[in-house]
Amino acid sequence: MSGSKAKAAPSGGARAAGKVRGAAAGEAVAGSEPDSGGRLGEGDPAPDFSLPASGGRTVSLGEMKGKPFVLYFYPKADTPGCTKEACAFQEALPQLGHIGIDVIGVSPDKMKPIEKFAEKFKLTFPLASDESHAVAEAYGTWVEKSMYGKTYMGIERTTFLINKTGKIAKAWRKVSVTGHAAEVLKAAQALG
């Protein structure tokens, strides 16, 4: 893939009329905050993606076809919460790998800070750049946030466990970092 443009395309009808198909409004997605109108939920097809990633890699839904994986969205490389989350996934990587699960992290950062982040903390799994936030939008993780009375758009810390058929097995929204990687590992082990 050339440059840093992201592709996010519907897969299996996951998007219709500009909305991401998911649980009904107000219906909870397991292990998450209540759903707020059309966000992806368990059983929904994972939207297609292809993104540049750390280590000169490209990650895509197509290349993951036939194997389960963790796709997690984080707001910004090398910040305290994102570092704690990434290091926890790195620590869980041998156990996840043992059951055939890969991990992909996605942020709106450019590749240079992502590469520095991966190198600084010895993160071996791919960290992808979604500068255009097209993939985050497709997954419903590009949301309005507020801080100190100001609103802005950004990534909602979210993790998806995607099964080998390319469907969402579990979604965690508004993730609290402490203990999260262990919770994801437990759910991944239950995939069987």
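Overview of values
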item: Residue satisfying all of: in the range 38-60; among the small types (Gly, Ala, Ser) and more than 16 Å from Leu161 (Cα to Cα); modelled with the lowest pLDDT among these; result: Gly38
item: Matching entry among Lys164, Lys112 (being charged (D, E, K, R) and not in a loop (DSSP other than H, G, I, E, B)); result: Lys112
item: The range 97-110: number of residues that are touching an Asp or Glu at 6+ places or on another chain (Cβ under 8 Å), buried (at least 18 other Cβ atoms within 10 Å of the Cβ) and in contact (Cβ under 8 Å) with a residue 40 or more places away in the chain; result: 3
item: Residues of the range 64-96 satisfying the condition of being of a type in the set (Ser, Thr, Tyr), assigned to a loop (DSSP other than H, G, I, E, B) and in contact (Cβ under 8 Å) with a residue 12 or more places away in the chain; result: Tyr74
item: Which listed residue, of Lys84, Lys170, Lys116, Lys145, is within 24 Å of Leu40 (Cα to Cα), modelled with pLDDT of 95 or more and basic (Lys, Arg); result: Lys170
item: Filter result (of a type in the set (A, V, I, L, M, F, W, C), assigned to a strand (DSSP E or B) and surrounded by 16 or more Cβ atoms within 10 Å (Cβ to Cβ)) within the range 115-150; result: Leu127, Ala128, Trp142, Val143
item: Pairs where the first residue, in the range 170-192, is farther than 19 Å from Ala86 by Cβ and buried (at least 21 other Cβ atoms within 10 Å of the Cβ) and the second is modelled with pLDDT of 95 or more and among the small types (Gly, Ala, Ser), C-beta under 6 Å, 6+ apart; result: Lys170/Ala187
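The values are calculated or read from the model by the stated rules, or taken from the named source; none is laboratory data. Small disclaimer: the values here were computed from a predicted structure and weren't measured. No Cβ is skipped: glycine too gets one built from the backbone with ideal geometry, and neighbour counts run over all protein chains shown.
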